[in-house]
Amino acid sequence: MKTKTEFSTEMYKELSARAKGLFIAMTVLGAVGVALYFALTFTLFKDAPYFYIVPGGIFLVAGIMLLVTVKKNEKKQGNVLISTEIELFDDNFTQIAFRNGEKIEEAKLYYKDMVQWKESKNYFFLYPNKATAYPIDKNGLGEDGCAFLRNVLVTNRIKKFML
């Protein structure tokens with residue numbers, strides 16, 4: 001079973017959705033912490049020590065910086081013209097990557113070597129390690145292909161990455 005996946009901004013958005021949600025939560029938590037510090041300082045505790053604002057400030061600044069970084073990466077990666085052709089077999093899959101139509105990589109990967117997998121609305125992401133993901137477009141697989149891939153991943157006891 002063969003499919004083609006285009007690396008697009010939408011694909012990167014689905015790949016980074018969980019991280020983006022975590023960074024938004026960090027930003028909100030930090031903003032609440034900073035707001036709470038100022039609210040208490042101006043109402044109950046006139047001389048509250050400044051180190052009480054530090055955790056909220058760290059979460060706020062880190063959350064904002066990480067959100068900006070994710071947004072920049074989504075935009076940058078979406079502009080790179082990369083596509084992959086993936087062929088699924090019973091115990092492995094082959095992946096050929098193209099950049100601007102030129103073949104840049106070819107690999108044969110075994111399902112048993114994957115450390116985890118994630119399924120989003122439009123893609124499967126197979127992780128050979130915690131930092132690398134191979135996207136597979138579900139539209140190109142169809143229902144039978146998606147069921148086949150899910151079955152192979154579950155049969156090989158690969159941990160599902162919870163969204």
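Odds and ends about this structure:
- Filter on Lys76/Lys108; Lys2/Lys160; Lys71/Lys138; Lys2/Lys72 - keep pairs with C-alpha separation over 29 Å: Lys2/Lys72
- Taking 20 °C and 1.002 mPa s as conditions, the chain diffuses translationally at an estimated 117 µm²/s according to Stokes-Einstein applied to its Kirkwood radius (Cα pairs).
- DSSP beta bridges confined to the chain are antiparallel in about 95 percent of cases.
- In a reduced charge model with +1 at each Lys and Arg Cβ and -1 at each Asp and Glu Cβ, the range 110-153 shows a dipole moment near 200 debye about its Cα centre.
- Alpha-carbon centroid distance for the pair the range 4-55 / the range 97-163, whole angstrom: 31
- Kirkwood-based Rg to Rh ratio, the range 83-163, C-alpha trace: 0.94
- Positive dipole terminus of the range 1-50, leading residue within Leu15, Thr41, Leu29 (C-beta point charges): Leu15
- Helix-only [θ]222 nm of the chain, DSSP H runs n ≥ 4, -39500 (n - 2.57) each, per residue, nearest 500: -16000 deg cm²/dmol
- Size of charge dipole - the range 57-163 - debye, nearest 20, with Cβ of Lys, Arg +1 and Asp, Glu -1, no other charges: 640
- Percent accessible area from carbon and sulfur atoms, the chain, protein chains only, probe 1.4 Å: 62
- Listed residues Val28, Val54, Val68, most fluctuating in the chain (Gaussian network, C-alpha, under 10 Å): Val54
The values are calculated or read from the model by the stated rules, or taken from the named source; none is laboratory data. What you see is a predicted model; the values in this text were computed from it and never measured. When we count neighbours, we look across all protein chains shown, and the Cβ atoms used for this are built from the backbone with ideal geometry, even at glycine. Surface accessibility is based on the protein's heavy atoms, side chains included, excluding ligands, DNA and RNA. Shrake-Rupley method; radii C 1.70, N 1.55, O 1.52, S 1.80 Å.
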